[in-house]
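Asker: I am attaching a structure below and will ask some questions about it afterwards.
Here, each number is a calculation from the coordinates, and none is a lab measurement. Bear in mind that the values here come from a model prediction, so they are computed numbers and not experimental data. Note that each Cβ is placed from the backbone with ideal geometry, even for glycine, and that neighbours are counted across all protein chains shown.
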Amino acid sequence: MLARLAHRLFAGFAVVLGVVTLTFLLLHAAPGDPIELMLGQTATAEQVAAQRRALGLDRPLPAQFASWLGRLGRGDWGTSIARGRPVRAVLGDAWPATVRLVALSLLLSYLIGLFIGAIQAARSRSRTDTILSVTTVTLFALPGFWLALMLVLVFTYWARWLPAFGAAGLDADYLSAGAWMVDRLRHLALPLTTLTLIGIGGAARFARGAMLDTLSQPFITTARAKGLVPRQVIARHALRNALTPIVTLLGLSLPALFSGAVFIEAVFAWPGVGRILVEAVQARDYPVVMAATTVSAVLVVAGNLLADILAAWLDPRVRSASA
Amino acid sequence: MTRLLRDGRAAFGAMVLLVVLLCALFAPLVTNGQPAAQRDIVATRFVPPLSSDTRGEFHALGTDRFGRDVWTRLVYGARVSMGVGVIAVMVSIVLGVMVGAVAGFWRGPIAMTLIGLTDFVLAIPRVVLLLLIAALWQPSTALVIIVLGLTGWTSIARLVHGEVRALAVRPFVEGARAVGAPRVRVLARHILPNALTPVIVAGALGIGNAITLEAGLSYFGLGVQPPTPSWGNMIASGRDVLVNAPWVAAAPGVALVLVVVACTLLGDALRDVLDPSQQLP
């Protein structure tokens, strides 16, 4: 297990390094220049050259990359070209918002999806199964940004219940603790609902398949034969065994979930890593793009690793197979 | 085939896709034929669905802020969105089958490199890569196809790799090699045809995914560029007039969901019919 863990850690590190290198190459291979965007049309060639030298952008690419890695090793993420603030501060403000959104929606969508999938598997081929299948396929097919727009239309413009933008109201700093909490939750409601609804589709579809797979195994027949009531068979025997593939999928679906969050954050102006990334890419803000990609790659790799460990903890067979 | 048609999911999926394809093919016949036409903007803009403008022209899905007929743009947008989805998935399939087949058939450093590459691309958040490439170069329809194709092949490569490895040790492959067939021929004629079943399923599911991603990129202005209508940039243009004219954003979204649901159901049904071993009770 430890050897496997070490192997996975090494592989994860390699993936992060690869993503960072690829991003660096793509950024510098693409047309467009942060200095020209920053100084505008009226800047003279000398001014552009001076600014490039000041930021170290005139050096050869391998040297730039090496010094970026070196500074990263010392915990220095550099300074945002477009914002003039340290990248660490820019991302430090952003990542808790993303993690909050992604983690909560992951939890909710898997709990609800697992529940729906279990019901469907228990009542396979019934009318309930069909109705739930149609529902989950539709949820699975919904494009996040469109669902977000429709929710904003209904709950913000028509019903006037919930705010559509940002993570907190303008008056957040002056609210009492209780009101502050309510304000936060109201702002979280729409982005979280959007991400969760979309997540439920995939989770329920997979849970149904995994449950049906498990239900066809001999030990379920045994459990039924010894007289357990169906609810016990499903909850105690089937669900527990179906969890292993589901937890693995949970890890594998992290990149997709993070991808979804990028769109959702942009629609709701949610102050997370996704929105920072979109803005930074458009401004050719090299240090911020590099840092945001690194953080997202680390999050994804760590999530996968965590799912692997969780699967081993849930299922002794996985542990012994890899020992 | 009969089993497929008797399956309710497949019948629904195939029917929806057929209707959309026919509409897209015969777009000039089922619409007013001018997706970009702007007449008297002030008189014809924001006409609600199922009503006529002041000139007496009927608009089933209303008009947008330039007085363009939403139904017409929806049908012409289907040409673009479906076209992008289908071509991108074909690029993914070609790449994925090549990588998966080579990695599964030849062991050694080449296979190791290809598997490593696949796992690596699989671990990158796809949208981050899409955003990077699409935002850094001049956005265009061709770029969207290339980008979607280049980022979508990994799951197919994984599938083909697994199938090829399992098939390579089967007796009929040994037989083909025993009679002296060259390795490339064994792979192309004996193994690949048997390994393609899951690819068809993955392709059907992938088209829905590609259409959604195209819409996402176009929504950010990084995909298909206006005035060419695509479902994504139609939703994006509807975003700005959400309060005045919600139908502009709603209509292409509903079309998109319908098509993706159809692709998913068809893919599910295909898997059950083509691969009985994976069939669920």
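Asker: Report the relative contact order of region B:91-216, percent, no decimals, based on alpha-carbon pairs under 8 angstrom and at least 6 residues apart.
Answerer: RCO, region B:91-216: 36 percent.
Asker: Consider all pairwise Cα distances in region A:83-171 and report the whole-number % of them above 20 Å.
Answerer: Taking all Cα-Cα pairs of region A:83-171, the fraction more than 20 Å apart is 60 percent.
Asker: Could you list log10 I(q)/I(0) for the protein assembly as shown at q = 0.06 Å⁻¹, which the Debye formula gives when each Cα is one point scatterer?
Answerer: Those come out to -0.36, one per q.
Asker: Also, I was wondering about something else. How long is region B:1-154 along each principal axis, judged by its Cα atoms, biggest number first, in Å?
Answerer: So the extents along the principal axes, rounded to whole Å, are 72, 48, 21.
Asker: Continuing with the same structure: Sort all Cα-Cα distances of region B:101-202 into consecutive 10 angstrom bins from zero, then give the percent of pairs in each bin up to the one containing the longest distance.
Answerer: Per 10 Å bin, starting at zero, the Cα-Cα P(r) for region B:101-202 comes out as 14, 36, 29, 15, 6, 1 percent.
Asker: Taking each residue in B:179-187, count the Cβ atoms of any other chain within 10 Å of its Cβ, then average. What number comes out?
Answerer: Per residue, the average neighbour count from other chains is 0.
Asker: Could you list log10 I(q)/I(0) for region A:166-220 at q = 0.20 Å⁻¹, which the Debye formula gives when each Cα is one point scatterer?
Answerer: Debye intensities relative to I(0), on a log10 scale: -0.75.
Asker: Convex hull volume of the Cα atoms in chain B, per residue, in Å³?
Answerer: In chain B, the Cα convex hull volume per residue is 160 Å³.
Asker: Given just the C-alpha atoms of region A:94-322, how large is their convex hull per residue in cubic angstrom?
Answerer: Value for region A:94-322: 158 Å³ per residue.
Asker: Roughly how crowded by other chains is peptide A:145-155, in terms of the mean Cβ count from those chains within 10 Å of each of its Cβ atoms?
Answerer: The mean count of partner-chain Cβ atoms within 10 Å per residue comes to 5.
Asker: Ok, one more. Using the alpha carbons of region B:138-281, what is the convex hull volume per residue in cubic angstrom, as a whole number?
Answerer: Considering the Cα atoms of region B:138-281, their hull volume per residue is 129 Å³.
Asker: Calculate the mean, over all residues of peptide A:271-283, of how many other protein chain Cβ atoms lie within 10 angstrom of the residue's Cβ.
Answerer: So the per-residue partner count for this stretch is 3.
Asker: Follow-up question, since we're still on this one. Using Cα-Cα distances under 8 Å and only pairs 6 or more residues apart, what relative contact order does chain B have, in percent?
Answerer: Dividing the mean separation by the residue count of chain B yields 25 percent.
Asker: Ok, one more. What does the highest-first list of A:153-166, B:150-163, A:95-108 look like by mean Cβ count within 10 Å?
Answerer: Highest mean packing first, the order is B:150-163, A:95-108, A:153-166.
Asker: To continue, here is another question. Ordered by residue, what ³J(HN,Hα) values in Hz, to whole numbers, does region B:111-118 give under the Karplus form 6.51 cos²θ - 1.76 cosθ + 1.60, where θ = phi - 60° and Gly and Pro are x?
Answerer: Once rounded to whole Hz, the list reads 4, 4, 4, 5, 5, x, 4, 4.
Asker: Now a separate question. Could you grab the relative contact order for region A:94-322? Cα pairs under 8 Å, six or more apart, rounded to a whole percent.
Answerer: 28 percent
Asker: Give, in whole angstrom and from largest to smallest, the semi-axes √(5λ) of the equivalent ellipsoid of region B:200-268, with λ running over the eigenvalues of the Cα gyration tensor.
Answerer: Taking √(5λ) for each Cα gyration eigenvalue gives 24, 14, 7 Å.
Asker: What fraction, in whole percent, of alpha-carbon pairs in region B:67-149 exceed 18 Å separation?
Answerer: Counting pairs separated by more than 18 Å, the tail of P(r) holds 59 percent.
Asker: Using the per-residue mean of other Cβ atoms lying within 10 Å as a proxy for protection, in what order, highest first, do the peptides B:176-183, A:284-291, A:47-54, B:44-51 fall?
Answerer: Top of the packing list down: A:284-291, B:44-51, A:47-54, B:176-183.
Asker: What is the distance, in nm, between label points placed 7 Å from the Cα along the Cα-to-Cβ direction at A:V298 and at A:A29?
Answerer: 2.6 nm
Asker: Across region A:106-233, what fraction of all alpha-carbon pairs, as a whole percent, falls in each successive 10 Å bin from zero upward?
Answerer: Pair shares across the bins are 12, 30, 26, 17, 11, 4, 0.
Asker: List, largest first, the extents of the alpha carbons of region A:30-99 along their principal axes, each in whole Å.
Answerer: Extents along the principal axes, in whole Å: 42, 26, 21.
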